[in-house]
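J.: Before we start, here is the structure in question, set down as structure tokens.
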């Protein structure tokens, strides 16, 4: 058992006893970890209220090699997640970021670029930036960084380039676009406009800020939101809890 330091985002906190918490943290250095925070429920405890949901902290913890929980010994708050005013949409978008990080990452599997993307997204949401584009940017960037991004240009079945014109078959089970020959007989296929697929590809690019200059009309945004929802449901094998709050993001 060794003492480690890390930057961390609080994903989940569950009461363990009258004074302690079990915390799920997404760290830049170690990936997702589960830790016991003794005294974490005390207002004037050792963590100084640093363990709020989606808070960014610097932590010190005892890293165990077995499957048991790590032991959190220190947490210094760097930034709370508090969108301005009564901006519930940005608040729910932040909760959705936490849900995806928890559901799509494995324990002790570090992804520093994903941590940076999550940190950037939460900071933007807390600053009051519109939730729709930031959330989709996070979803697609996360899928790319984890190697789960659907094929948006080449047929997911045969690998041939699919012409980016009109409406294109998108196989939820196959993991991306399908050419006409491979589309035949497939189930779980939706039709997506070529322009929406191009937008998805641009938003998924983990490098640079060119995505911020994209013009997305409400109709395309709604279609993008719809296909992404269905793809994530298939990928996770369940509907994310926060999906019911994402409808307003497509308007």
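J.: With respect to residue 197, is the statement that it is out of contact with any helix residue (DSSP H, G or I) (no Cβ under 7 Å at 6 or more places or on another chain), farther than 26 Å from residue 102 by Cβ and in contact (Cβ under 8 Å) with a residue 12 or more places away in the chain true?
T.: It is true that residue 197 is out of contact with any helix residue (DSSP H, G or I) (no Cβ under 7 Å at 6 or more places or on another chain), farther than 26 Å from residue 102 by Cβ and in contact (Cβ under 8 Å) with a residue 12 or more places away in the chain.
J.: What do you reckon, is residue 82 surrounded by fewer than 19 Cβ atoms within 10 Å (Cβ to Cβ) and touching a strand residue (DSSP E or B) at 6+ places or on another chain (Cβ under 6 Å)?
T.: So residue 82 does not fit the description; no.
J.: Among (1) touching a helix residue (DSSP H, G or I) at 6+ places or on another chain (Cβ under 7 Å); (2) assigned to a loop (DSSP other than H, G, I, E, B); (3) farther than 30 Å from residue 23 by Cβ; (4) at pLDDT 95 or above, there is one condition residue 156 misses while meeting the rest; what is its number?
T.: (1)
J.: Please specify each residue of the range 192-223 satisfying the condition of being touching a strand residue (DSSP E or B) at 6+ places or on another chain (Cβ under 8 Å) and either assigned to a helix (DSSP H, G or I) or closer than 21 Å to residue 243 by Cβ (or both).
T.: 192, 194, 197, 220, 223
J.: Quick check: is even one residue across the range 197-220 surrounded by 13 or more Cβ atoms within 10 Å (Cβ to Cβ), assigned by TED's automatic domain parsing to the domain that holds residue 107 and more than 27 Å from residue 111 (Cα to Cα)?
T.: yes
J.: With respect to residue 67, determine if the residue is without any contact (Cβ under 8 Å) to a residue 12 or more places away in the chain and either over 25 Å from residue 123 (Cα atoms) or surrounded by 15 or more Cβ atoms within 10 Å (Cβ to Cβ) (or both).
T.: For residue 67, the condition - without any contact (Cβ under 8 Å) to a residue 12 or more places away in the chain and either over 25 Å from residue 123 (Cα atoms) or surrounded by 15 or more Cβ atoms within 10 Å (Cβ to Cβ) (or both) - is met.
J.: Let me ask something else. Taking the options 133, 113, 82, name whichever one is touching a residue at least 60 places away in the same chain (Cβ under 8 Å) and within 30 Å of residue 48 (Cβ to Cβ).
T.: Only one candidate passes the filter, namely 113.
J.: Here's something else I'd like to know. Which of the residues spanning the range 85-117 are touching a strand residue (DSSP E or B) at 6+ places or on another chain (Cβ under 6 Å) and not in a loop (DSSP other than H, G, I, E, B)?
T.: 98, 101, 102, 107
J.: Please indicate, with yes or no, whether at least one residue in the range 224-237 is over 17 Å from residue 104 (Cα atoms), assigned to a helix (DSSP H, G or I) and free of Cβ contacts under 8 Å to residues at least 12 places away in the same chain.
T.: The answer is no, given that none of the residues of the range 224-237 is over 17 Å from residue 104 (Cα atoms), assigned to a helix (DSSP H, G or I) and free of Cβ contacts under 8 Å to residues at least 12 places away in the same chain.
J.: Would you please name the residue that is modelled with the lowest pLDDT, looking only at residues in the range 41-51 that are surrounded by 14 or more Cβ atoms within 10 Å (Cβ to Cβ) and farther than 18 Å from residue 5 by Cα?
T.: 45
The values are calculated or read from the model by the stated rules, or taken from the named source; none is laboratory data. Remember, it's a predicted structure, so these values are computed and weren't measured experimentally. A quick note on method: Cβ atoms are made from the backbone with ideal geometry, for glycine too, and the neighbour counts reach across all protein chains shown.
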